[in-house]
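Structure record follows, encoded as structure tokens.
The values are calculated or read from the model by the stated rules, or taken from the named source; none is laboratory data. Just so you know, these numbers come straight off a predicted model, no measurement behind them. Don't worry about glycine lacking a Cβ; one is built from the backbone with ideal geometry, like all the others, and counts go over all protein chains shown. Note: areas computed on protein heavy atoms with side chains; ligands, DNA, RNA excluded. Shrake-Rupley method; radii C 1.70, N 1.55, O 1.52, S 1.80 Å.
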Amino acid sequence: MKIDRVVLREIRLRLRERFEISSGVRQDRRILLLEVEADGLKGWSECVAAEDPSYSYETTETAWHVLTEFVLPEVIGQEIDQPGDPLRPVGWIRGHRMALATVEMAAWDLDARRRGVSLAEHLGGERDAVEVGVSIGLQPDDDALLRAVEGHLEAGYAKIKIKIKPGRDVEMLRRVRDRFSAAPLMADANSAYTLEDLPRLRELDELDLMMIEQPLPYDDLREHARLQEEMRTPVCLDESIRSVRDVELALELGSCRIVNVKPGRVGGLSSSIRIHDFCGERDVPVWCGGMLESGVGRAHNLALATLPGFSLPGDISESRRYWEEDVVRPEFRLEEGRLRVPDGPGIGVEPREGRIDSLTVRRAEFGR
Ligand code: OSB
Ligand code: MG
């Protein structure tokens, strides 16, 4: 089947709550949605690039630029046999994985629809529901954090991730641990520390955390290995991992014991599966991270998290955790700590085109 039309839209969607992490704050999301059409079928995807280059060098704007100038014009007329095929003509592009992943992921949705199977099944997934967690941004004070943790535990989330940064770490988490002695807690530093903070980071070992995510900078694999040697708490890498090669190096060095897989960050779902398989052979748990996606990106993440090696709850919270109103139907709803995986063809939820059009601030169309 040949791709005959693609439409890229930028929509604006306001998070119900501002989301603060060590590297910045988000509230008004600028999200790119891609629609890829072939033989009368449509595949959908979402670009996870953020508004500013704090998490990654990619932004909504760089992704728009790379997709509209270099990628999408080449995709028209491409024959798809495998989901990676539409990207063959642009193999020369360096980096910009979030932009490229957008095309690959839409092609996966399209390919699943063509075969009449769910994306989860097409990826090799094995579950019809997935245990999920929630990621809590930096709060104005500890009491606000305690209230948030309590609310999310009551809602049934299976993992509570708490953002930390220097000055808002050990004492704050100790209060959470004292209050919720058995809760499945973890911390995410988004690269806010250096090895000079080793004594401080080692204090986290007393708090019985499932893991500490990305304590050190994204290019410090060697330093993460030093840190992991000195800590009992497993280190999980997020920003450092852009491909299976990064995982190979990280595991060889001992930089982490757990890997956060975000399909956008690693260039797509095929790359995510390679990481899943590589980690599985080495008994390294993986889980699916999140990038404050709308329901379109969330559907892809949920499908990926049905693979057997995704043995820890993902950052895939229900729609209303993020949005007053999502852009897909039905919205994602938490049921006993899990999200049910849609079983319709492809991503299995329906993008609400009318609502999406009304949120669209720019649109680029190629083909036909
Ligand atoms: O580090 O995992 C992260 C959101 C934006 C950028 C980076 C991260 C996050 C989250 C949110 O933690 C996870 C979610 O989508 O709920
Ligand atoms: Mg993270």
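Observations on the structure shown:
- Region 162-213, subset assigned to a loop (DSSP other than H, G, I, E, B) and of a type in the set (Asp, Glu), residue nearest to ALA144 (Cα to Cα): ASP169
- Residue, surrounded by the fewest Cβ atoms within 10 Å (Cβ to Cβ), within region 129-147, restricted to residues that are within 18 Å of the chain's Cα centre (by Cα) and within 16 Å of ligand 2 (Cβ to nearest atom): GLY137
- Failed item in (1) closer than 30 Å to ALA155 by Cβ; (2) open to solvent by less than 10 Å² (accessible area, probe 1.4 Å); (3) within 15 Å of ligand 2 (Cβ to nearest atom), with LEU201 passing the rest: (3)
- Residue that is farthest from ASP219 (Cα to Cα) [pool: residues in region 35-86 that are in contact with an Asp or Glu (Cβ under 7 Å, 6 or more places away or on another chain) and free of Cβ contacts under 8 Å to residues at least 24 places away in the same chain]: ASP85
- Failed condition for GLU126, given (1) modelled with pLDDT of 95 or more; (2) under 19 Å from ILE316 (Cβ atoms): (1)
- Residue in region 309-320 that is farther than 19 Å from VAL259 by Cα, open to solvent by 20 Å² or more (accessible area, probe 1.4 Å) and either more than 16 Å from ligand 2 (Cβ to nearest atom) or touching a residue at least 60 places away in the same chain (Cβ under 8 Å) (or both) present: yes
- Close pairs from region 104-133: first under 24 Å from VAL71 (Cα atoms), partner of a type in the set (Ser, Thr, Tyr), Cβ under 6 Å, at least 6 apart: MET105/SER45; ALA106/SER45
- Single condition GLY264 does not satisfy, out of (1) within 16 Å of ligand 1 (Cβ to nearest atom); (2) small (Gly, Ala, Ser); (3) part of a helix (DSSP H, G or I): (3)
- Considering only residues in region 154-172 that are free of Cβ contacts under 8 Å to residues at least 40 places away in the same chain, within 16 Å of ligand 1 (Cβ to nearest atom) and more than 19 Å from the chain's Cα centre (by Cα), the one that is surrounded by the fewest Cβ atoms within 10 Å (Cβ to Cβ) turns out to be ARG168.
- Filtered residues of region 5-60 (kept if open to solvent by 50 Å² or more (accessible area, probe 1.4 Å) and closer than 30 Å to HIS122 by Cβ): ARG30, ASP39, GLY40, LEU41, LYS42
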